[in-house]
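Novice: I have a structure I would like to understand better, so I am pasting it below and will then ask my questions one at a time.
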Amino acid sequence: MRFIAIPALWMLLAPAAATAAQAQQPPQRQQQPAITPDLSTPKPAAPGQQPVAVGDQYVIGPQDTLMITVIDESDLTSKYRVDTDGSITLPYLGRMPAAGLSVDELRKRITTGLQNGWIRNPQVLVGIEQYKARSVVVTGAVRAPQKVTLTGLTMTLLEALALAGSPTSEAANEVIVVHPAKPGEKEPQAITVNRKDLELGKAGMDVVLQDGDIINVPIAKKFWVSGYVKNQGAYVYDSGMTVAQALILAGGLTERGSDRRITIKREIKGKITEVSAKLEDKVQPNDEIVVGSRLF
């Protein structure tokens, strides 16, 4: 009589047993990934009510038409035109300022207002349905001073200067942008930007313009260099410039020039006065730097 080893018999029967056990178990549902609502996209609205997508930092102005969506709150979801006084009227919240606020600031204010006794966890979206005509004025030392229409959702300072023909050779190395005063502010906000840094694309130098901004490119202040330098003449003054930097602009000293015999002709209390200068001294507008010759 032949005997079959139990381990071997089990190896033959195990696949069949496993198949039978699987057949008796109910089929398992495939686990679906959790769905997180995309709060940056509003629910489909009726035709003609789709807001234009804008950056959160767009500054709202009078006569803009806003599309405000409060998810699952149809009585609050509607178009709202900003009145000439800069306000809008919302259900529950009543009259509230909108002009001068960014899209994100208004969204936060509406959310906070609704949370105070109206809706437990409001999900608010703010878009721009229609823009009013917006423009800025570019003046000063540019080739074509003019009113520039803001053609897009936003426009940078560099773009506005380009549309005005770019600064002339007489332009200073700074640009002044004056934002209109916001509601509640007494004085407009002025920002001074270094034009060289702006043109080089340095981070944080460009300015996003607002409706009604005034951009002024002042005519450059100048100073003069004379005496024993390679290129005598007038040069554009730059704030913080030293005598050494001024001499570099003038091409440096000639063979006979002395960096120890430098004087500056400067107007002091209405009179032209000659003062001794060192390389590290600061230059002032309208200075004349005079480089003397070596003694030997």
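This table checks each residue for (1) outside the structural domain of VAL175 (by TED's automatic domain parsing); (2) under 25 Å from ARG195 (Cα atoms); (3) at pLDDT 95 or above.
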{"residue": "VAL236", "(1), (2), (3)": "yes, yes, no"}
{"residue": "ALA244", "(1), (2), (3)": "yes, yes, yes"}
{"residue": "ARG256", "(1), (2), (3)": "yes, no, no"}
{"residue": "LYS269", "(1), (2), (3)": "yes, no, no"}
{"residue": "ILE272", "(1), (2), (3)": "yes, no, no"}
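Novice: Out of the residues in region 46-64 that are buried (at least 16 other Cβ atoms within 10 Å of the Cβ) and modelled with pLDDT under 60, which is farthest from VAL136 (Cα to Cα)?
Specialist: PRO51
Novice: OK, next. Modelled with pLDDT of 90 or more and more than 23 Å from THR89 (Cβ to Cβ): is that true of VAL193 in this structure?
Specialist: Considered against the rule, which asks whether it is modelled with pLDDT of 90 or more and more than 23 Å from THR89 (Cβ to Cβ), VAL193 comes out as yes.
Novice: Looking only at region 239-253, how many residues end up being part of a loop (DSSP other than H, G, I, E, B) and surrounded by fewer than 15 Cβ atoms within 10 Å (Cβ to Cβ)?
Specialist: 4
Novice: Considering (1) exposed (fewer than 13 other Cβ atoms within 10 Å of the Cβ); (2) within 30 Å of ASP72 (Cα to Cα); (3) acidic (Asp, Glu), say which one ASP104 fails and leave the rest.
Specialist: (1)
Novice: While we're on this one: Can you name the condition, by its number, that MET96 falls short on among (1) crowded, with 17+ Cβ neighbours inside 10 Å; (2) of a type in the set (A, V, I, L, M); (3) under 23 Å from LYS132 (Cα atoms)?
Specialist: Result: MET96 fails condition (1) only.
Novice: Then there is this: Test each condition in (1) on the phi > 0 side of the Ramachandran plot; (2) surrounded by 15 or more Cβ atoms within 10 Å (Cβ to Cβ) for VAL236 and report the one that comes out false.
Specialist: Result: VAL236 fails condition (1) only.
Novice: Report, by residue number, each residue of region 267-285 that is more than 22 Å from GLU170 (Cα to Cα), surrounded by 15 or more Cβ atoms within 10 Å (Cβ to Cβ) and not acidic (Asp, Glu).
Specialist: ALA277
Table: residues versus (1) at pLDDT 90 or above; (2) at positive phi; (3) assigned to a helix (DSSP H, G or I).
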| position | (1), (2), (3) |
| --- | --- |
| LEU66 | yes, no, no |
| GLU73 | no, no, no |
| ALA99 | no, no, no |
| ARG109 | yes, no, yes |
| ILE128 | no, no, no |
| THR154 | no, no, no |
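Novice: Consider region 163-187. How many of its residues are surrounded by 13 or more Cβ atoms within 10 Å (Cβ to Cβ) and free of Cβ contacts under 8 Å to residues at least 12 places away in the same chain?
Specialist: Qualifying residue count for the region: 1.
Novice: Next up: So, in region 194-233, how many residues would count as being within 30 Å of LYS278 (Cβ to Cβ) and either surrounded by 18 or more Cβ atoms within 10 Å (Cβ to Cβ) or among the hydroxyl-bearing types (Ser, Thr, Tyr) (or both)?
Specialist: Of the residues in region 194-233, 8 are within 30 Å of LYS278 (Cβ to Cβ) and either surrounded by 18 or more Cβ atoms within 10 Å (Cβ to Cβ) or among the hydroxyl-bearing types (Ser, Thr, Tyr) (or both).
The values are calculated or read from the model by the stated rules, or taken from the named source; none is laboratory data. Remember, it's a predicted structure, so these values are computed and weren't measured experimentally. Cβ atoms come from the backbone with ideal geometry, glycine included; neighbour counts cover every protein chain shown.
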